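Worksheet: one structure, shown below.
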Protein chains: 2
Amino acid sequence: MTDNKINKEGRIGAANKQLILNAAEHEFAKHGFKGTRIQQVADRAQLPKTNVLYYFKSKENLYLAVLQQILELWNSVFDEATKDDDPAEVLARYITDKMEFSLVRPEASRIFALEIINGAPNLYGFYKEQHAAWMEGRVEVIQHWIDEGKIQTANAHYLLYNIWACCQHYADFSAQITHLQGKEMDRAEFEEATKSIINLILKGCSLEIPEKYR
Amino acid sequence: MTDNKINKEGRIGAANKQLILNAAEHEFAKHGFKGTRIQQVADRAQLPKTNVLYYFKSKENLYLAVLQQILELWNSVFDEATKDDDPAEVLARYITDKMEFSLVRPEASRIFALEIINGAPNLYGFYKEQHAAWMEGRVEVIQHWIDEGKIQTANAHYLLYNIWACCQHYADFSAQITHLQGKEMDRAEFEEATKSIINLILKGCSLEIPEKYR
DNA sequence: ATATAAGTTGACCAATTGGTCAGGTTTTAT
DNA sequence: ATAAAACCTGACCAATTGGTCAACTTATAT
């Protein structure tokens, strides 16, 4: 049971890896996989390019690590809802969480969007199970409510798509929104937008909007 | 008034240009600007690479031409709505048109999405006026209804964003949807999804759903 | 008929860029 | 102290790829 030190990263490695991952998320979100240069990531992380390759053997490897990190975050945010909770409460909470995610981690959302527009080669290859499980879990909850007559909606899938679409739009299309409104949305405006989505979705399901989300 | 023939394209040129544009739309939608190789476009159009460069001087030029073509289509589809029409009718029609667009021209929608995620450098540079005018026109119509009390919604912008988001999602994220449902959505399913959006948006604005859109 | 423009294309080039490598320094466990 | 592992990085390379060029064929107007 001796602790083998071979191929174990030290403190420096862990810190630098995170530094690089953050820089890479920024660059991949803005330029896509092909459009991102390792040199740009290195510059942003203030490290030499060779150092980036030292920690992440290849560009693809780096991208996969970024995607992995995003998926972990993604899952953790929405894992709380269960089928025994009140639909109105859960949906409102769900939308609030998603919008919070769009506000604080827009770049993560954009990388996810780029991956899917690109045909999701990695999501349905490398992280297939992980991603599928996350989605199936959400569909299951809604379907349960429909079966029990707790919620009025024709199709669990379409409801989820509409929620995802509205919430992710504020991250993925923020350049368009900023341009249209003449300035970046601040937190107050994000909360207003969140209410507009909650209003839309809950009314659409003929649910009462909980007091604290009005 | 003599007809100067210098730099005028003949029939062959017009036909080939369109052939290349169609191929380019396909490739740009799938791989983004940086990820697309001129050779791939040429292969899809079944022409030598040099021939593509002959008609479109550079890759950027080709991309701009594709974007231009998409914007013309985009605008033409939504220019019909006016502020004097019935909001319920117009919104339902608007959503139907957008969903039809997502069904028949998903790649155009994806190029548009990629451009915006990328920060919309060309939309707010080259085609700034064109694009802004299209958006402002839509906002104006909604705002007019709000001012006249014809429609119950807090914010014209957010309403439009939510409509765009839901409809474009079915084009931009079709890879995810296809994966989730195990097969591509057919027209019947698209019509069902369209109804779910109309239901959501109109109920959200406290509008009656017109008979033919139920 | 023929001149002029439009269209075609293989050969080639220069720049970019992902990735390697070897020779170093620093950290860490004992 | 010292050995082993972890970390660092300048120099370099091979492959990709956007774009040029010159020689050629085809179409078209008069």
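The values are calculated or read from the model by the stated rules, or taken from the named source; none is laboratory data. Only a predicted model underlies this, so the values are computations on that prediction, with no experimental measurement involved. Backbone-built Cβ (ideal geometry, glycine too); neighbour counts: all protein chains shown. Accessible surface areas use protein heavy atoms only, side chains included; no ligands, DNA or RNA. Shrake-Rupley method; radii C 1.70, N 1.55, O 1.52, S 1.80 Å.
Scanning segment B:85-121 for residues that are of a type outside the set (D, E, K, R) and free of Cβ contacts under 8 Å to residues at least 12 places away in the same chain yields B:VAL104, B:ILE116, B:ILE117, B:GLY119, B:ALA120, B:PRO121. The set of residues in segment B:157-175 being touching a Phe, Trp or Tyr at 6+ places or on another chain (Cβ under 8 Å) and under 19 Å from B:GLU208 (Cα atoms) consists of B:ILE163 alone. I'm told B:TYR55 meets every condition in (1) at negative phi; (2) more than 14 Å from chain A (Cβ to nearest Cβ); (3) open to solvent by 70 Å² or more (accessible area, probe 1.4 Å) except one. Can you identify the failing condition by its number? Condition (3) is where B:TYR55 drops out. Within segment A:158-189, the set of residues being part of a loop (DSSP other than H, G, I, E, B) and more than 7 Å from chain B (Cβ to nearest Cβ) comprises A:GLY182, A:LYS183, A:GLU184, A:MET185, A:ASP186. Looking across segment A:198-214, the residues that are open to solvent by 10 Å² or more (accessible area, probe 1.4 Å) and either of a type in the set (Val, Ile, Thr) or at the interface with chain B (Cβ under 7 Å from one of its Cβ atoms) (or both) come down to A:ASN199, A:LYS203, A:ILE209. Of the set (1) closer than 15 Å to A:ASP172 by Cα; (2) open to solvent by 30 Å² or more (accessible area, probe 1.4 Å), all apply to A:SER102 but (2).
Which number in (1) in the same structural domain as A:ASN162 (by TED's automatic domain parsing); (2) open to solvent by less than 10 Å² (accessible area, probe 1.4 Å) marks the one condition that A:ASP86 misses? Evaluating A:ASP86 over (1) in the same structural domain as A:ASN162 (by TED's automatic domain parsing); (2) open to solvent by less than 10 Å² (accessible area, probe 1.4 Å) leaves (2) as the failure. Among the residues making up segment B:68-112, those that are at pLDDT below 85 and among the hydroxyl-bearing types (Ser, Thr, Tyr) are B:SER76, B:THR82. In summary, B:TRP145 fulfils each of the numbered conditions (1) part of a helix (DSSP H, G or I); (2) modelled with pLDDT under 95; (3) open to solvent by 10 Å² or more (accessible area, probe 1.4 Å) with the single exception of condition (3). For segment A:190-197, the criterion of being within 9 Å of chain B (Cβ to nearest Cβ) and among the acidic types (Asp, Glu) is satisfied by at least one residue.
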